[in-house]
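The values are calculated or read from the model by the stated rules, or taken from the named source; none is laboratory data. None of these values were measured; they are calculated from a predicted model. Please note: Cβ atoms are built from the backbone with ideal geometry, for glycine as well, and neighbour counts cover all protein chains shown. SASA here: full protein model, heavy atoms, side chains in, ligands and nucleic acids out. Shrake-Rupley method; radii C 1.70, N 1.55, O 1.52, S 1.80 Å.
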Amino acid sequence: MRGHVRLIGAFTGFGVWAMLATGIRAQTVGPDYPVPPSIEYGDLYRDVELAAIFADSKTFPDLIPAASPAAILLDYDAAKGTPGFDLASFVNQHFSGPTPPGPAVDPAASGQRLFDYVESLWPVLRQSAMSVPPYSTLLPLPYPYVVPGGRFREVYYWDSYFTMLGLEEDGQHALAADMLKDFAYEIDRYDHVPNGNRSYYLSRSQPPFFALMVELIARRDGDVTYVTYLPELQAEYDYWMRGENEVRRGGAVRHVVRLLDGTVLNRYWDERRAPRDESYREDVQTASQSSRPASEVWRNLRAAAESGWDFSSRWLADGKSLSTVQTLALLPPDLNSLLVHLEETLSQAYRLKGDAGLAAAYAQRAKRRVDAIQRVMWDAEDGVFTDYLWREGKTTRTVTAATVVPLFLMVSPAEQAQRVASTIRTRLLDAGGLATTLIDSGQQWDAPNGWAPLQWLAVIGLRNYGFTKLAKEIATRWVTENIAGYQREAKLVEKYNVVTTGGEEGGGGEYATQIGFGWTNGVLLALGSLYPDLKAAAEAATPNQPVTSVR
C-alpha cells in the first residue's frame, strides 16, 4: 500500500425497509424517500426557493411535509390563484422543521480547556437516523454518525474521514467503525456513497475516501477489515468507473474520460442537470449570468460540489466568475490519486482473500494511473500537480493545495515531491497554515481560507517524503490558528483565514461560516497526536485568554 439499488436517473417512488447487507451485522433500517424535493414538488419548489422565503436555500428541502407531496401539490394548485394567497403562510401550514434541527453547538464555557471542549462535542455532533419521518429528505442509516455541525445536520462523505481521525485519537473507535458501516450500507443501497445522507445528494458522491476509512479502521481491527469490506470497495470502484467500457478516445462517459492516447482517468460529475436543491436560487442566478445553456452550467456546478471544493477558482475558466465553471472539463490530481489508493486497496483486499489474479490486475491499474498522473497532471514550471484540461491537452496552470494529495498517497516520485515542497514553502504557506489557492475570488475554497483536511493531507504528504520540518511548520501554524480562535471566540469553525494569525474565521461562498466543526476537531486531535508540543499547547488553551503562540 502507498502511505496512507441503482437509483438516480429513474426516480421511482419511495424506498422500502432495508437491511445492512455487509457481513458485519444485519440491522433493519426504516424506509427512505429517494426522490429529491425539487422533483417531488415541481413548481412549488421553484416558487418557494426563488421567492427567498428562507435566507438559506437549504432550509426548505430539509423541512418535513405535513402530507404527501401529491396532496400538498393539489392544495397548492387550488390555493395559489386565490386572492390574498401568501406563499410563506402556505409553506408554514404544510411544512415543519427542519428535521433533524441540527446539533446545537454552543461556545465553550469560561475556563474550559480546548481538548475538553472537543471531547464534549462528540455527543452533540453524534446523530442517529434509523428511521425518518414520511417524505423526509433525510436518508436513514443503520448506525450512529457524526455530522459537521451548524446547517450541516446530516453526515457528509469526505468530511467524515477527517472526523474519524479525531474519533480514533479520542478513544471513540466504536463510533468511527459505525460510520464506516453506514457508508458501506449506502454503497449497498445506492451503489455509491452520496455527498450526504439526503435525497437531494443522491445524484453525486464526494472524493472517494472509503478505502482510506477501511484502512483507518483496519489499523485497530486488523486485515480482516479489508476482506469484510471488499464487496463495498469493489462497488465503490465500479461506480466511479461506470462507462469505462463505452467511452471512446477523446471522450467522456459519466466520471470516466479516455484521452486520445487511450489513457483512462476520472473527473467529477453529477447525474442531474438542474439547480442543486440546497442552493436552488443561487444556481438559477449563476446560470443567468452565463451565455451557455443553463443545464450545462448546473451540471458543472453540481460536479464541483462533488469535489468537496465548492467553490474554488480552480474550477472556473476565468478564475473568478462562478458562471464560467468548467468542472467537467478537468481531470483533478486529488481525485485520481484517491482512485490510485482505491485500486491499491482492492489489490490488497483480493490478495488477502487469496485471489492473486485480481490482486495483480488492480495493482496494474494503479500503476497505469500513477504513470498518467505524473505525466499529464504535473506542471513543471510551477512545481505542482494541477488540474488537466482533457479536451485541450494541457494543465490549467493553477497552484492549489490539491498538489499535496499525490504526496499524501505517495503517487509522486521523489523529484516531483521535492518541487512540491518548495512551492508550498514559497507560495502556499501562510501565517496561519496552508493556503487553499493563490487567488482571492470570494469563493470559500480560495485564498485567504485554509481548511483542516488540506492541512492534514499536506502534513502527512510531506512527512512521507522526509520534509519533516516543513510538515511541522504547517501543523504548528494551523494549530496556533485554531488555538487563537478558541481563545478569542470560545469555538472551532469549519475554515480559517490563514493570512492572519489571530484565529479569524474564513469567509466567502454561499453561507456563513459554521461552528462545530467535525473535521476541524478531528484534524486538531490528529495533529496533537503527531506533535506532543502542539497537543500540550492545545490542551492548555481556554477561552478569554490572551492569544498566545505555540512557537
Quiz item: Taking interchain pairs and intrachain pairs at least six residues apart, which have beta carbon atoms under 7 angstrom, with the first residue in segment 498-525 and farther than 19 Å from residue 401 by Cβ and open to solvent by 40 Å² or more (accessible area, probe 1.4 Å) and the second at pLDDT below 95 and among the charged types (D, E, K, R)?
Solution: 511/151
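To keep it simple, each residue is scored yes or no on (1) under 23 Å from residue 29 (Cα atoms); (2) not in a loop (DSSP other than H, G, I, E, B).
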site	(1), (2)
109	no, no
112	no, no
115	no, yes
120	no, yes
124	yes, yes
132	yes, no
136	yes, no
140	yes, no
163	no, yes
Quiz prompt | Number of positions in segment 504-529 that are closer than 18 Å to residue 120 by Cβ, touching a strand residue (DSSP E or B) at 6+ places or on another chain (Cβ under 7 Å) and among the small types (Gly, Ala, Ser) | solution = 2
Practice problem: For residue 171, work out the one condition from (1) farther than 25 Å from residue 454 by Cβ; (2) of a type in the set (Gly, Ala, Ser); (3) open to solvent by less than 10 Å² (accessible area, probe 1.4 Å); (4) in a loop (DSSP other than H, G, I, E, B) it doesn't fulfil. | Solution: (3)
Quiz item: Can we say residue 267 is basic (Lys, Arg) and over 19 Å from the mean Cα position of the chain (by Cα)?
Solution: no
Quiz item: Just wondering, is there one or more residues in segment 405-414 that are touching an Asp or Glu at 6+ places or on another chain (Cβ under 7 Å), modelled with pLDDT of 95 or more and buried (at least 22 other Cβ atoms within 10 Å of the Cβ)?
Solution: yes
Quiz item: Under the condition of being surrounded by 22 or more Cβ atoms within 10 Å (Cβ to Cβ) and among the hydrophobic types (A, V, I, L, M, F, W, C), which residue from segment 340-365 is farthest from the chain's Cα centre (by Cα)?
Solution: 349
Exercise. From the list 502, 485, pick out the single residue that is more than 22 Å from the chain's Cα centre (by Cα), closer than 22 Å to residue 533 by Cα and assigned to a loop (DSSP other than H, G, I, E, B).
Key: 502
Practice problem: Quickly run through segment 273-316 and pick out the residues that are part of a loop (DSSP other than H, G, I, E, B) and either open to solvent by 40 Å² or more (accessible area, probe 1.4 Å) or acidic (Asp, Glu) (or both). | Solution: 273, 289, 291, 292, 293, 310
Quiz item: Would you pick out the residues in segment 71-104 that are in contact with a Leu (Cβ under 9 Å, 6 or more places away or on another chain), of a type in the set (Val, Ile, Thr) and at pLDDT 95 or above?
Solution: 72, 91
Quiz item: Does residue 7 count as surrounded by 13 or more Cβ atoms within 10 Å (Cβ to Cβ), under 30 Å from residue 212 (Cα atoms) and modelled with pLDDT under 95?
Solution: yes
